[in-house]
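A short worksheet on the structure shown next.
The values are calculated or read from the model by the stated rules, or taken from the named source; none is laboratory data. Note that the coordinates shown come from a computational prediction; the quantities given were computed from them, not determined experimentally. Here the Cβ positions follow ideal geometry from the backbone for every residue, glycine too, while neighbour counts run over all protein chains shown. Remember, those area values only see protein heavy atoms, side chains included, never the ligands or the DNA or RNA. Shrake-Rupley method; radii C 1.70, N 1.55, O 1.52, S 1.80 Å.
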Amino acid sequence: INDALRYGQTDLNGTARFRAMGGAFGALGGDFSSLNVNPAGSVIFTNHQVSLTLSNFNIKNKTNYFGNKTSENNNSFDLNQAGAVFVFENGSVKSDWKKFAVAVNYENAKNLDNSIFSSGTNLNNSIDKYFLSYANGVPFGNLNNFYFDELYFNEQQAYLGYNSYIIDPNNSADPNNVDYYTNIAGGGNYYQENSIESTGYNGKLTFNASTQYKDKFSFGINLNSHFLDYKQSTSFFEANDNPKYAIGSTVDRVRFNNQLYTYGTGFSFNIGTIFKPTKEVRLGLAYESPTWYKLTDELSQQVVTSGYGLNPAQDNTLYSTQVTDPNVTMIFQPYKLQTPGKWTGSFAYIFGKKGLISVDYSMKDYSKMEYRPKNDYPNENRAMSNLLTTSSEVRVGTEYKIKKWSLRGGYRWEQSPYKNSNAIGDLTGYSGG
């Protein structure tokens, strides 16, 4: 579910004006980032324009793991937006179609750079349970008779646990043995650290066309190409000082490293309209289709352990370190992800040349997210259908002009995609410029 939400949600990115006003541009247009809300907005431009936006992102994550509080900062500098629009007046005075516009715009829909670090003492649970959960049920002979890249994922995790001496078979003489035990001494008080470092982006290239009918209606359409590139490195460490076993191996230090790389492309489209019933009032309605991604995952793993009896040439009284690195990058079968569509209704009121206020309301049903082929992901799709829900979003933006200055402010509230908001809470944001 975390992966689907990572690619199914977007940040408040775009031009400086768009962000300062909380992204409430569905009825306004005239801004490159507004095209992602309502594609009819490009025809609001009065002339040809080119735009480039650079952004600095700073994220601070706080964690609380068994009472131990830590924090981690991440800072990144990005090309946030780049686009061009071309506006054409209709020279025929008899035609009701007044203007046409075409635009192309790139936007970093979601910045995926992040850092999280947590540490604390787990009173009961060791990482051995991770490897045991995958190993139990796997024939021991598979771990000795096959190469790492020939094994299924659960067998690979068992392979890593066995070769790093974290787990052992109950009967090593029986290749059909499917029961395993742990070499990490019980007793609790496992000190653990987990570091997650991620980099990447979810880019969106939009090809837009729009037109204005009389002075009342604007219509637009987007064809969007999506580019996804995400790298995540996790490093888990565990240590304990529990008494070692009298015989056999005893592992008291574990370092488990994972490097995940996800990449792919996608497609979506937008349609929208803006209606101007009076000189001051603007009304907007837009639909954003689901994004259909085709993605590929690559994964490499490594386990480093330390303890007694980890070297077959030594007895269990000697302390040593064991590095289990298959030196294999697993490239998994490409899969598809469908993110939810989105409806947006908008209202704006223009106070002459002095200012404006704008409101957008959107709905997005995250329970409709789906991995495909469906037969390959029944549990994941069922979980998303059961745990996720329709999320509402409200954006409010205002702008007030003082001579050549424009003061801008924005408010954004987005409902949790989970039915139980304890998993992920509601989002509240304030902006200004």
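Below, the figures for the structure above:
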quantity	calculated
Accessible area of region 194-250 belonging to carbon and sulfur atoms, whole % at 1.4 Å probe	64
Alpha carbon centroid spacing (whole Å) that separates region 241-311 from region 127-203	21
Among the listed pairs Lys294/Lys419; Lys342/Lys401; Lys98/Lys279; Lys231/Lys419; Lys69/Lys364; Lys342/Lys419, those beyond 25 Å (Cα-Cα)	Lys294/Lys419; Lys342/Lys401; Lys231/Lys419; Lys69/Lys364
Local net charge near Gly22, Cβ-Cβ under 12 Å (Lys/Arg +1, Asp/Glu -1)	+1
Per residue accessible area in Å² of the chain, where ligands, DNA and RNA are left out and the probe is 1.4 Å	49
GluC sites (Glu not before Pro) restricted to region 238-324 and DSSP loop, no more than 16 other C-beta within 10 Å	Glu280
Check: region 383-433 dipole with +1 on Lys, Arg Cβ and -1 on Asp, Glu Cβ, in debye	400
Set of aspartates and glutamates with alpha-carbon distance to Lys216 below 20 Å, sequence-local pairs under 8 removed	Asp31, Glu89, Asp96, Glu280, Asp360
Among Asn420, Asn114, Asn13: highest mean-square fluctuation, GNM of the chain, C-alpha pairs under 10 Å	Asn420
Length-normalised contact order for the chain - Cα pairs under 8 Å, 6+ apart - percent	16
Loop-resident sites, region 204-274, for trypsin sites (Lys or Arg not before Pro), counting at most 15 other Cβ within 10 Å (DSSP)	Lys214, Lys216
Relative contact order %, region 329-417, counting alpha carbon pairs below 8 Å whose residues are six or more apart	27
Mean residue ellipticity (222 nm) of the chain, computed from DSSP H runs ≥ 4 via -39,500 (n - 2.57), nearest 500	-3000 deg cm²/dmol
Region 1-108 - percent of accessible surface contributed by carbon and sulfur, probe 1.4 Å	53
